[in-house]
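The values are calculated or read from the model by the stated rules, or taken from the named source; none is laboratory data. None of the values given here were measured: they were computed from a predicted structure. Note that each Cβ is placed from the backbone with ideal geometry, even for glycine, and that neighbours are counted across all protein chains shown.
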Amino acid sequence: MTRTLAHAEWIERAEHAPALESLAPLPPTRRALLADPSEFDVAYAINPHMRVADGSLKRVDRERAREQWLALASALRECGLHTHVVPALPGCPDLVFCANQALPVPPEASALGRSLALASNMRWPQRRREVPQVLATLRELGYAPRRLATLAPLEGMGDGLWHPGRALVWAGVGPRSSPRAWSAVAPWLRAPLVALELIDPDFYHLDTALALLDERTCLWLPDALSRSSRRLVEALIPRRIEADPGEARERLACNACCPDGRTVLIQRGCAVTNGRLRAAGYEVRELDTDEFLKSGGSVFCMKLLVW
């Protein structure tokens, strides 16, 4: 159905999907936040990726993790982005996944006509102290922080994906973000919200199942979404590259990032998926994020793109 929620529409069915050309244009993102990985560890289990077969927590090599983080930062800069670092916070090992703590809103899609940072309501209490730390850095970059009028869970750009070049948000609904929270986001937006339901617990954020590469192309795993959600993606995105299911599950192939519309930053070793990306004309840059995969995150989770 389509419902009007203040300034935004909530779209759940393919027949109500807008034409991309009808939506307001958005400029490309030019900056990226990363969070210092000094505290990164697997200290608890809040998703299926964080334990080994015997049930114990996975162990992190922090020195190797920092090397991998530095390589990602370098790759983002080589794609033309200016990088900004959120300071580490003692006792917050998952702060490094800084796509989750806020949903940035550019002025072109903001109900207030200015850049906003909508604070996340993290589902797990272990992660709630991360939110003000990220908001503080966003404030320094000119974003006005705002709290939602609900405590329902919402996890920023883990589940809220801005469509490249258009004022539209793909709104993930599932383990970490709820329709009630998205209803509280709507008054801050001048952009429709397209609801996508996640149905596989391994894909707990939308960014683990869908990567938007450019205005007309995505990388995705259809089986991670409900049937109606798959139809929405098919209705709105003309070119869809399907990730290899094993690579999507084990290497988080869909947690990729294409910051310039040409270069796809993706976990190393996704051979089948990377072959499909290259066949579609993309330059693939493989990065090692295997230390972060132990906590259920990869390239997209580790940065927050902002305007």
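Evaluate the following for Leu161: is it within 24 Å of Asp214 (Cα to Cα), touching a Gly at 6+ places or on another chain (Cβ under 8 Å), surrounded by 24 or more Cβ atoms within 10 Å (Cβ to Cβ) and in contact (Cβ under 8 Å) with a residue 40 or more places away in the chain?
yes
Checking the structure you have, find out if any residue of segment 11-33 is modelled with pLDDT of 95 or more, in a loop (DSSP other than H, G, I, E, B), within 15 Å of Gly297 (Cβ to Cβ) and of a type in the set (Lys, Arg).
No, every residue in segment 11-33 fails to be modelled with pLDDT of 95 or more, in a loop (DSSP other than H, G, I, E, B), within 15 Å of Gly297 (Cβ to Cβ) and of a type in the set (Lys, Arg).
I want to confirm something. Restricting to segment 228-287 and keeping residues that are acidic (Asp, Glu) and within 23 Å of Gly80 (Cβ to Cβ), which single residue is nearest to the chain's Cα centre (by Cα)?
Here the answer is Asp260.
If we scan segment 93-115, do we find a residue that is touching a His at 6+ places or on another chain (Cβ under 8 Å) and of a type in the set (Gly, Ala, Ser)?
yes
Tell me, yes or no, whether segment 176-199 has at least one residue that is of a type in the set (S, T, N, Q), part of a strand (DSSP E or B), out of contact with any helix residue (DSSP H, G or I) (no Cβ under 9 Å at 6 or more places or on another chain) and at pLDDT 95 or above.
Among the residues of segment 176-199, not one is of a type in the set (S, T, N, Q), part of a strand (DSSP E or B), out of contact with any helix residue (DSSP H, G or I) (no Cβ under 9 Å at 6 or more places or on another chain) and at pLDDT 95 or above, which makes the answer no.
When both residues are 6+ apart or on different chains and their Cβ atoms are under 6 Å apart, which pairs have a first residue that lies in segment 222-251 and is of a type in the set (Phe, Trp, Tyr), and a second that is surrounded by 15 or more Cβ atoms within 10 Å (Cβ to Cβ)?
From residues that are of a type in the set (Phe, Trp, Tyr), there are no pairs.
Can you pull out every residue in segment 34-48 that is of a type outside the set (A, V, I, L, M), modelled with pLDDT under 95 and surrounded by 16 or more Cβ atoms within 10 Å (Cβ to Cβ)?
Asn47
In segment 263-290, which residues are surrounded by fewer than 23 Cβ atoms within 10 Å (Cβ to Cβ) and in contact (Cβ under 8 Å) with a residue 24 or more places away in the chain?
The answer is Thr263, Ala271, Val272, Arg276, Ala280, Tyr282, Arg285, Leu287, Asp288, Asp290.
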